[in-house]
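Here's the structure we're looking at; comments come further down.
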Amino acid sequence: MTTADIEVRFTDLDSANSASFAAMERALEAYQRQHCPVYQRFGYKYLPVAAFKHAEVTTFPPAEAECVFKSSATGGALRSRHFVRRMAVYEASVCAAFEAVFGEGPYKIWAHLPGYAPESSLICMMKILMRKYGTGESQFFLSKRLPNVADTGTPLLLFGAAFGLLDLAETGPRQLPRDARIIETGGMKTHRRTITRDELHARLAAGFGIDEQRVWSEYGMCELMSQAYTQGGTVYRSPPWMRVRIVDPDAPNREMPDGKPGLLAITDLANLYTVSSILTEDLGVGRGQGFEVLGRFPGSAMRGCNFLLNSA
Amino acid sequence: MSGIITALVQAVRAWHAPEYQQFRHNVVETTLMVPNTFTEEAVEFAIDQQMGEVTEAALSAWIGQRKVKERCSVGVVNAGNVPLVGLQDLLAVLVCGHSYVGVLSSKSPYLLPAFVKILLDQGADINAKFVDRDEMWGEVDAVIATGSNEAIAQVKVLAGRQGLTPEKCLFRGNRYGAAILNGFESESDLDGLALDVLLHEGMGCRNVALIIAPEGLEPDSCLKHFAEMRGVFPAHPSTPGRLSMQQAYLAATNQPHAYGDGLEFLLSKGAPEVQVPGHVRWVEYRNPDEIVSVVEALRDEIQCIVAQENLREQLPDSWNVGSFGSTQMPALDWQPDGLDTIGFLCSL
């Protein structure tokens, strides 16, 4: 199986067919081991996500990238760089994942992403979604004023970073159409404090006048080409070409049983030309076919006293 | 008050009494069989050090003239990634005369109950028990917990559901220690630094995770002392495994680093970013202003700072800088996160 085969077929994967996933995973790992010098030197399966800050993680000359996603950064911290060889692969992944959850639309898509740089993958994703599934009323907005909410019969999807949406809700109250959905894209640490996802959803629902079950979440990052979504509640389902495993932070080759917290280790077959298997700095827990995200868990979190992982 | 102080001191003495030696040995043995990163040497060190702090004078000075407003039941969620780390909270609750309802850490489920057993054997008039986390909420009037921002966010929700107001909750963050070098450290200073960095495998909220050193100073002499320290406190068998992936990652991304022969420690140069336990980050400064800017930027995360005496005088008093080797030997009255546990318990 070649990367060209995988490029064409990865979005056709069926979540019930784990053999096909495993075959593509093996083929990609071998390819990336051979062509990505960083991965070759590393030698383990899951490359720590911070590698994208410190090195050019690619299987091809970085100058040939069609696009470079950059993570947001605070202060002088290094930013991740994700060299995207083919934007068509990104678009295929974004669209197939979206359609599996939302259908083909059309939607009125709004995005409230204050502070996000133009080169962020989230901005790029929103542009694709608006172009493919959005009506003419779709738009980015930065101000504290919502665009015109007049009900035109097209259902509304409001995407936004968690803290930005919360700020918006708290300068409200606001009333979205009852059939609107909010999709928060993470960023649980607000400018003020950290809150749980349950609490965030409850406050967004109250602030925007919609049912809590209509507050959904998206999980993605600069270093990954694919996204997972919740559809009400807190359990994410990833698309069939993106497998999320929960691993022991102390020994990432050891998977945690369902219900036990650990680091999210993600294999994203759409990361064809970089490295597919990434060890994130997010703590999560497996829930059947899905997973929950409990929060950030960088290496430093393993040091200090923290009952989240180790209550008896 | 004096009754409980006497009982606590007697219980501490009993740890060293011949009739409890087999008991203590068994508790340490069973603790080492639990999935954790404790070693026999580190557990024995922690017991001796922490018990050594529990004297009549220290307990009396700790509570001072303060009076408890009202006796109540206090829940303590123990993190326990360092042996006996919850002892200070147990002592604080008991010395204030409150009832103690502890949630044990899965990594250290035997040491605290053993101490309570000895206390009860000595006839101490205390209320102390251990329960599951979910059970605790129905039984307590106040709570003490330590964890990451996300973990504390969860506990705040649970506390709110139980009607516990913020005044009834003492929450501490996830912290680490930092060491500041000037290049004139003595052999004994570096022995102490090795303990600060490597004891308990780099775990604990006082463990030194960042070494802030003058530009151009090479870490060779530190590495020598790290290796010597490992002769006294051997690494836990899981440490090389955890660090091998880290070392491979540093090598793959061309980040400068050094490590012990058996990967029982790892040091890397770079930005002031805290790494996994056992992997210490070496951060360079060009002038004293840069020390201040590095530390102040991380002030909310840093629990304690150590430096040589001459350098201490040049650093801000508010940093409360200690001596090398002191991080894993906290006094009874140290205030994690600068929060006064006794003051909190008296105010309930």
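Once you list every other residue whose beta carbon is under 14 Å from the beta carbon of B:Asp261, what net charge do they have if Lys and Arg are +1 and Asp and Glu are -1? Working shown, then result.
On the way: positive: B:Lys224, B:Arg230; negative: B:Glu228, B:Glu264.
Around B:Asp261, the charge tally is 0.
What lysines does B:Lys69 reach when the alpha-carbon gap must be under 25 Å and sequence neighbours fewer than 8 apart in one chain are set aside?
In chain and number order, the partners are B:Lys129, B:Lys156, B:Lys168.
How much of the DSSP beta bridge set in the protein assembly as shown is antiparallel, as a percent to the nearest 5?
40
Between A:Arg79, A:Arg197, A:Arg145, find the one with the highest GNM mean-square fluctuation for chain A; connect C-alpha pairs within less than 10 Å.
With Cα springs under 10 Å in chain A, the top fluctuation among A:Arg79, A:Arg197, A:Arg145 is at A:Arg145.
Residue farthest toward the positive end of the dipole of the protein assembly as shown, with Cβ of Lys/Arg at +1 and Asp/Glu at -1: which of A:Cys124, A:Gly284, B:Gln122?
Highest projection toward the positive end goes to A:Cys124.
In whole Hz, with x marking every Gly and Pro, tabulate ³J(HN,Hα) for the stretch A:51-59 from phi via Karplus 6.51 cos²θ - 1.76 cosθ + 1.60, θ = phi - 60°.
4, 5, 7, 9, 8, 8, 8, 8, 9
What list of ³J(HN,Hα) couplings, whole Hz, do you get for the stretch B:285-295 from phi and the Karplus terms 6.51, -1.76, 1.60, once you set θ to phi - 60° and write x for glycine and proline?
10, 9, 7, x, 4, 5, 4, 4, 5, 5, 5
What residue among B:Ala58, B:Met203, A:Ala96 has its Cα farthest toward the positive end of the dipole of the protein assembly as shown, where the charges are +1 on Lys, Arg and -1 on Asp, Glu, each on the Cβ?
About the Cα centre, the residue reaching furthest to the positive side is A:Ala96.
Who wins for biggest fluctuation among B:Asp337, B:Asp196, B:Asp125 in a Gaussian network model of chain B, springs between alpha carbons below 10 Å?
The residue with the greatest mean-square fluctuation here is B:Asp125.
At q = 0.10, 0.13, 0.19, 0.20 Å⁻¹, what is the base-10 log of I(q)/I(0) for the stretch B:66-208 according to the Debye formula with one equal point scatterer per Cα and no solvent? Please give it to two decimals.
Debye output, listed in q order: -0.42, -0.66, -1.13, -1.21.
What list of whole percents do you get for P(r) of the stretch B:237-283, with Cα-Cα distances grouped in 5 Å bins up to the one holding the largest distance?
So the P(r) values, bin by bin, are 5, 25, 36, 25, 8, 1.
Taking the stretch B:261-292, which trypsin sites (Lys or Arg not before Pro) meet the DSSP loop condition and have no more than 10 other C-beta atoms within 10 Å?
On the way: sites: B:Lys269, B:Arg281, B:Arg286; in loops: B:Arg286.
Passing both the DSSP loop test and the Cβ count: B:Arg286.
Relative to the longest principal axis of chain B, what angle (0 to 90°, nearest 10) does the C-alpha long axis of helix B:220-232 take?
Rounded to the nearest ten degrees, it is 40.
Diagonalise the Cα gyration tensor of chain A and give the resulting equivalent ellipsoid semi-axes, square root of 5 times each eigenvalue, largest first, whole Å. Intermediate values should be presented prior to the final figure.
On the way: eigenvalues 189, 108, 71 Å².
Listed largest to smallest, the semi-axes of chain A are 31, 23, 19 Å.
How many nm separate the modelled label positions at B:Thr165 and B:Glu215, each set 7 Å beyond the Cα in the direction of the Cβ?
With each label point 7 Å from Cα toward Cβ, the separation is 5.3 nm.
Across the stretch B:100-114, in residue order, what do the Karplus-derived ³J(HN,Hα) couplings come to in whole Hz, using 6.51 cos²θ - 1.76 cosθ + 1.60 with θ = phi - 60° and x for Gly and Pro?
Once θ is set to phi - 60°, the couplings for the stretch B:100-114 become 9, 10, x, 9, 7, 7, 5, 7, 9, x, 10, 5, 5, x, 5 Hz.
What number, in nm² with one decimal, is the all-direction average of the projected area of the convex hull of the alpha-carbon atoms of the protein assembly as shown?
Mean projected area for the protein assembly as shown: 30.4 nm², to one decimal.
Can you tell me the alpha carbon radius of gyration of the stretch B:181-293 divided by the globular rule-of-thumb value 2.2 N^0.38 Å?
This ratio for the stretch B:181-293 stands at 1.01.
Rounded, prolate or oblate, given the Cα gyration tensor of the stretch B:1-146, with a/c below 1.5 counting as rounded?
oblate
Give the residue list of GluC sites (Glu not before Pro) in the stretch B:38-121 that are DSSP loop and have at most 15 other beta-carbon atoms within 10 angstrom. Show your work: numbers first, answer last.
Numbers: sites: B:Glu40, B:Glu41, B:Glu44, B:Glu53, B:Glu56, B:Glu70; in loops: B:Glu70.
Here the GluC sites (Glu not before Pro) that fit, given the DSSP loop and packing criteria, are B:Glu70.
Angle check, please: helix B:21-33 long axis (alpha carbons) against the longest principal axis of chain B (alpha carbons), in degrees 0 to 90, nearest 10.
Approximately 60 degrees, to the nearest ten.
Please report the projected area of chain B's Cα convex hull averaged over all directions, in nm².
Reported value for the Cα convex hull: 17.9 nm².
How would you classify the stretch A:124-224 from its alpha-carbon gyration tensor, with a ≥ b ≥ c the square roots of the eigenvalues: rounded for a/c under 1.5, else prolate if a/b is greater than b/c, otherwise oblate? Provide the component values of the computation, followed by the final result.
Details: a/c = 1.66, a/b = 1.15, b/c = 1.44.
It comes out oblate by the Cα gyration axes.
Cα axis of helix A:121-133 to longest principal axis of chain A: angle in degrees, 0 to 90, nearest 10?
So the inclination is approximately 60 degrees.
Just so you know, all these numbers are worked out from the coordinates, no wet-lab data involved. Here the structure is a predicted model, which is why all the values come from computation and not from measurement. FYI the Cβ positions are ideal-geometry reconstructions off the backbone, even for glycines, and counts take in every protein chain you see.
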